[in-house]
Amino acid sequence: MSGFLDVFRDEFRRIFTVKSAFSVLVLGVAFYALFYPQPYLNEALRNVPIAVVDRDGTQSSRDFARRVDATPDVAVTEVLPDLASAEREVYARRVDGILLIPQYFERELLHGRPSPVALYADASYFLIYQRVAGAVAAVARTVGAEIETARLIAIGVDPAIAVAASDPMPLTAVPVFNPEGGYATYVLPAAFVLILQQMLLMGVGLLSTLPGADTRRWRPPPVAIVAGKLLAYLALEAVILPAYLIVLPYLYGLPRLGGIVPILIFAVPFVLSVAGLGLVVAGIFQRPVRVQLILAAAGLPLFMVAGFSWPSEAIPPGIRIVSYLVPSTSAIDGFVKLSQLGAPLSAVNSEFLTLWALAFFYNLVALLQAVRGAKPLDAVASASTSAAS
């Protein structure tokens with residue numbers, strides 16, 4: 001028992017005294033908490049600039065352009081005389097789309113004939129394209145329904161029937177669990193989990209490969225070494241993880257419906273599995289530089305297979321199965337359900353059990369590595385004496 005506590009105290013002390021580990025586990029975590037959410041604080045794209053080319057110049061065309069400008073997603077920043085001028089603005093990146101209203105727009109509408117408008121939007125940035133296309137399409141549907149309603153009323157149809165005939169299935173969209181329909185509410189909870197994993201992985205890898213200052217006259221058993229280190233990492237994450245998953249969402253205004261206790265219970269196998277994976281990686285590569293390079297290179301693939309930058313249903317099945325060997329894959333699903341959706345702990349049984357299985361597997365491998373790498377103290381001392389002589 002004393003050996004286990006000695007390892008815990010030594011490892012917890014090294015978290016704050018080894019500069020590289022402290023930079024990752026404490027300073028790096030604080031840096032990400034402060035600066036990573038900043039680009040997403042506006043939640044949704046608003047007032048995307050577009051140019052209007054009005055070839056009709058009538059009251060109807062100007063009214064249509066004003067309605068597009070009134071939407072929260074789009075701002076008409078320029079009204080230009082021809083398409084060539086508008087194209088130059090797009091190439092100069094001063095606008096992200098062109099709304100072309102054709103000649104005889106009003107005349108065709110008054111005659112009850114189609115009068116299509118053209119939208120040229122920058123699809124190289126899909127979020128911008130989606131906003132511009134959605135705003136213009138919504139206005140076009142509304143104007144079209146109003147024109148059809150007026151036409152039906154003019155020929156003697158009852159106004160209530162005319163309104164229903166022009167829009168027989170009105171849609172009411174309710175953004176559940178994301179009331180603002182924002183990108184920050186979608187991406188930040190999952191990104192926080194991935195950041196916690198990467199920081200802990202790298203910190204554990206560095207602590208396990210850098211030389212320690214162990215002056216004990218006897219070496220604790222491998223079980224005590226692995227268990228003591230795990231307890232040290234749990235003690236650290238007992239402060240960091242609630243700050244990331246409970247305090248930061250509150251500070252940044254992210255909706256959270258779940259309770260604190262289920263989140264903390266779910267966090268235990270997550271921390272143990274990530275720490276165990278870090279010990280295994282350190283046991284394989286054995287040098288700090290190798291560990292840093294491998295984990296840094298693995299960051300982007302782990303981000304891609306996590307299932308929030310690209311839908312998990314669209315990821316090839318083979319890659320998706322392999323991704324479950326990484327704790328963040330199950331942890332992101334579980335934490336989002338518990339925190340954002342307000343699900344009970346029983347609703348994440350599969351993710352919870354997967355994390356416990358990963359924790360058992362990785363820490364068992366780390367224990368076997370510790371047993372294989374352990375040397376009797378006499379042998380270590382004689383080796384040190386031989387090296388000195």
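The values are calculated or read from the model by the stated rules, or taken from the named source; none is laboratory data. Being a predicted model, the structure only gives us computed values, none of them experimental. Quick reminder, even Gly has a Cβ in these numbers, built from the backbone with ideal geometry, and neighbours come from all protein chains shown. Quick note on the areas: whole protein, heavy atoms, side chains included, nothing else; ligands and nucleic acids left out. Shrake-Rupley method; radii C 1.70, N 1.55, O 1.52, S 1.80 Å.
Among the residues of this structure, ARG219 counts as one that is open to solvent by 50 Å² or more (accessible area, probe 1.4 Å), out of contact with any Ser or Thr (no Cβ under 6 Å at 6 or more places or on another chain) and closer than 18 Å to ARG14 by Cα. If you go through segment 86-120 and keep only what is free of Cβ contacts under 8 Å to residues at least 24 places away in the same chain and open to solvent by less than 50 Å² (accessible area, probe 1.4 Å), you end up with ALA92, GLU108, SER115, ALA118. None of ARG141, ARG113 is basic (Lys, Arg) and either in a helix (DSSP H, G or I) or closer than 20 Å to ASP69 by Cβ (or both) except ARG141.
How many residues does segment 131-142 hold that are buried (at least 16 other Cβ atoms within 10 Å of the Cβ) and modelled with pLDDT of 90 or more? Steps first, answer last, please.
So in segment 131-142, the residues buried (at least 16 other Cβ atoms within 10 Å of the Cβ) come out as 131-133, 135-136, 139-140.
If we keep only those that are modelled with pLDDT of 90 or more as well, we get 132-133, 135-136, 139-140.
So the answer is 6.
A search for C-beta distances below 6 Å between a residue of segment 18-40 that is without any contact (Cβ under 8 Å) to a residue 40 or more places away in the chain and open to solvent by less than 60 Å² (accessible area, probe 1.4 Å) and any residue that is part of a helix (DSSP H, G or I) and of a type in the set (A, V, I, L, M), counting only pairs 6+ apart in sequence or on different chains, returns nothing.
If you go through segment 121-130, how many residues are in a helix (DSSP H, G or I) and open to solvent by less than 60 Å² (accessible area, probe 1.4 Å)?
Qualifying residue count, segment 121-130: 1.
Filtered by the rule that a residue be part of a loop (DSSP other than H, G, I, E, B) and open to solvent by 30 Å² or more (accessible area, probe 1.4 Å), segment 309-358 gives SER309, TRP310, PRO311, PRO316, TYR324, LEU325, LEU341, GLY342, PRO344.
When VAL281 is tested against (1) under 20 Å from the mean Cα position of the chain (by Cα); (2) surrounded by 20 or more Cβ atoms within 10 Å (Cβ to Cβ); (3) of a type outside the set (S, T, N, Q), just one condition goes unmet, and that condition is (1).
Tell me, please, whether a residue that is of a type in the set (Val, Ile, Thr), over 18 Å from ARG141 (Cα atoms) and part of a loop (DSSP other than H, G, I, E, B) can be found in segment 71-86.
To start, the set of residues in segment 71-86 that are of a type in the set (Val, Ile, Thr) comprises 71, 74, 76-77, 79.
Then drop every residue that is not over 18 Å from ARG141 (Cα atoms), which leaves 76-77, 79.
Narrowing the set further to residues that are part of a loop (DSSP other than H, G, I, E, B) leaves none.
There is no residue in segment 71-86 that is of a type in the set (Val, Ile, Thr), over 18 Å from ARG141 (Cα atoms) and part of a loop (DSSP other than H, G, I, E, B).
Candidates are the residues of segment 41-55 that are open to solvent by 60 Å² or more (accessible area, probe 1.4 Å) and touching a strand residue (DSSP E or B) at 6+ places or on another chain (Cβ under 7 Å); the one that is modelled with the lowest pLDDT is ASN47.
Quick check: is even one residue across segment 220-235 closer than 22 Å to ALA370 by Cα, assigned to a loop (DSSP other than H, G, I, E, B) and touching a residue at least 24 places away in the same chain (Cβ under 8 Å)?
Start the filter on segment 220-235 by keeping residues that are closer than 22 Å to ALA370 by Cα, which leaves 220-235.
When the remaining residues are screened for being assigned to a loop (DSSP other than H, G, I, E, B), the result is 220-221.
Narrowing the set further to residues that are touching a residue at least 24 places away in the same chain (Cβ under 8 Å) leaves 220-221.
Within segment 220-235, one or more residues are closer than 22 Å to ALA370 by Cα, assigned to a loop (DSSP other than H, G, I, E, B) and touching a residue at least 24 places away in the same chain (Cβ under 8 Å).
A Cβ distance below 7 Å, combined with a sequence gap of six or more or placement on separate chains, defines the contacts here; from segment 172-192, residues that are among the polar types (S, T, N, Q) reach residues that are at pLDDT below 80 in the pairs THR185/GLU43; THR185/ASN178.
Okay, residues lined up against (1) open to solvent by less than 20 Å² (accessible area, probe 1.4 Å); (2) closer than 29 Å to ASP10 by Cβ:
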site	(1), (2)
LYS229	no, yes
PRO242	no, yes
ILE246	no, no
TYR250	no, no
GLY253	no, no
GLY258	yes, no
PHE285	no, yes
GLN292	no, yes
ALA296	no, yes
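So is VAL271 within 25 Å of ALA347 (Cα to Cα) and surrounded by 23 or more Cβ atoms within 10 Å (Cβ to Cβ) or not? Yes, satisfied. Filtering THR77, THR71 for residues that are without any contact (Cβ under 8 Å) to a residue 40 or more places away in the chain, of a type in the set (Val, Ile, Thr) and either open to solvent by 80 Å² or more (accessible area, probe 1.4 Å) or out of contact with any Leu (no Cβ under 7 Å at 6 or more places or on another chain) (or both) leaves a single hit, THR77. One residue is enough: does segment 1-13 have a residue meeting the conditions open to solvent by 30 Å² or more (accessible area, probe 1.4 Å) and assigned to a strand (DSSP E or B)? So far as segment 1-13 goes, no, none of its residues is open to solvent by 30 Å² or more (accessible area, probe 1.4 Å) and assigned to a strand (DSSP E or B). For segment 144-185: of the residues being in a loop (DSSP other than H, G, I, E, B) and of a type in the set (Gly, Ala, Ser), which is most open to solvent (accessible area, probe 1.4 Å)? It comes out as ALA173.
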